[in-house]
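Notes for the one structure printed next.
The values are calculated or read from the model by the stated rules, or taken from the named source; none is laboratory data. It should be emphasised that the depicted structure is a prediction, and the values quoted were computed from it without experimental measurement. Because the Cβ atoms are built from the backbone with ideal geometry, glycine has one as well, and the counts that use them run over all protein chains shown.
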Amino acid sequence: MSSSPDPYKLAERFRHYLRVTDVTDGLDAVGLNDLTLMSNKVRPLWLGMRFWGPAVTMQVVPANRHMPFPLKKEDALRQHAIWGEMGGWRARLNVEGKEGYVIVTSTGGARECGWWGSMNSMEMHALGAAGIVTDGYCRDTDEVILQRTPVACAGIGRPIIPGRTELEAVEVPVSCGGVFVRPGDIVGCDWDGVVVVPIEVAEDVLVFAARIAIDDKKARRRLYDKLGKEPDETVDWEAAAEYFKDLL
């Protein structure tokens, strides 16, 4: 294993043929067991969502102050700007030049607040995010699902950010879903949930996960044949073996 693997190049390899469960088994093999499995409350919003990428972290904390009220009608569309003027955004996420990252948002147990919604999650997706993970809430979920924006969250929320949460820091180690996540750790998600692969063991985990995935595909392919089922991509073990041939 190299001392400092490039998380973006490594994450690209996780994106092909590997399920969260394959990688979970790989983490078992290196002795991490359940330490890197996020709470099963943190789930993808729609079936078929699948992503892997290096973590870009955000530390969000509960607010201990309110927005000024009542607002004037001309301020109806300025609530986020007003919150910013009050110091509600003490950090700024900078993803310029990055592609394929996963935004991991820790909310510190904040009450219901839709930090992520239909607009800002799609904007980050357009800016290169492979996915968004939060142990907090997402709102506008009808649109998020319709847009197929890749968001995994712990719940569905309704209120907006101002007066409820504040952005404390970015690109720092955080706790999300009961798991320690650092910038550059590799984060994966599918319908089974979210897993975090510490970067220092990611190459070893990849080797184990690749072998486990190929063996599973090969075994299920035999069952497909026995049952007369038409093979699909989930049992294409030959393609997976070719892709991971340098690891076998």
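Points to keep in mind about this one:
- Scanning region 109-135 for residues that are within 19 Å of ASP185 (Cβ to Cβ) and either out of contact with any Gly (no Cβ under 6 Å at 6 or more places or on another chain) or of a type outside the set (A, V, I, L, M) (or both) yields MET124, GLY128, ALA129, GLY131, ILE132, VAL133, THR134, ASP135.
- Within region 44-87, the residues that satisfy the criterion of being of a type in the set (Gly, Ala, Ser) and not in a strand (DSSP E or B) are GLY48, ALA63, ALA76, ALA81, GLY84, GLY87.
- Flag if ILE132 is touching a residue at least 40 places away in the same chain (Cβ under 8 Å) and not in a loop (DSSP other than H, G, I, E, B): no
- Yes/no for GLU96 being surrounded by fewer than 19 Cβ atoms within 10 Å (Cβ to Cβ) and part of a loop (DSSP other than H, G, I, E, B): yes
- One residue alone among ASP140, ASP135, ASP185, ASP190 is under 15 Å from ASN120 (Cα atoms) and not hydroxyl-bearing (Ser, Thr, Tyr), and that residue is ASP140.
- Residue pairs meeting the criteria (Cβ under 7 Å; at least 6 apart or on separate chains; first modelled with pLDDT of 95 or more, in region 2-20; second in a helix (DSSP H, G or I) and of a type in the set (D, E, K, R)): LEU10/GLU203
- Filter pass, GLY109 being assigned to a loop (DSSP other than H, G, I, E, B) and touching a residue at least 40 places away in the same chain (Cβ under 8 Å): yes
- If only residues of region 4-32 that are over 19 Å from GLY184 (Cα atoms) and among the small types (Gly, Ala, Ser) are counted, the one that is surrounded by the fewest Cβ atoms within 10 Å (Cβ to Cβ) is GLY31.
- Number of the exception - SER4 against (1) touching a Leu at 6+ places or on another chain (Cβ under 8 Å); (2) not in a strand (DSSP E or B): (1)
- One residue stands out in region 35-90 among those that are of a type in the set (S, T, N, Q) and either more than 12 Å from VAL133 (Cβ to Cβ) or surrounded by 20 or more Cβ atoms within 10 Å (Cβ to Cβ) (or both): the one that is nearest to the chain's Cα centre (by Cα), namely THR57.
- Count - residues of region 112-128 that are more than 13 Å from ILE160 (Cβ to Cβ), touching a Phe, Trp or Tyr at 6+ places or on another chain (Cβ under 9 Å) and surrounded by fewer than 16 Cβ atoms within 10 Å (Cβ to Cβ): 1
- Every pair of residues 6+ apart whose Cβ atoms lie under 9 Å, when the first sits in region 60-88 and is in the same structural domain as VAL181 (by TED's automatic domain parsing) and without any contact (Cβ under 8 Å) to a residue 12 or more places away in the chain while the second is of a type in the set (S, T, N, Q) and part of a helix (DSSP H, G or I): LEU71/GLN79
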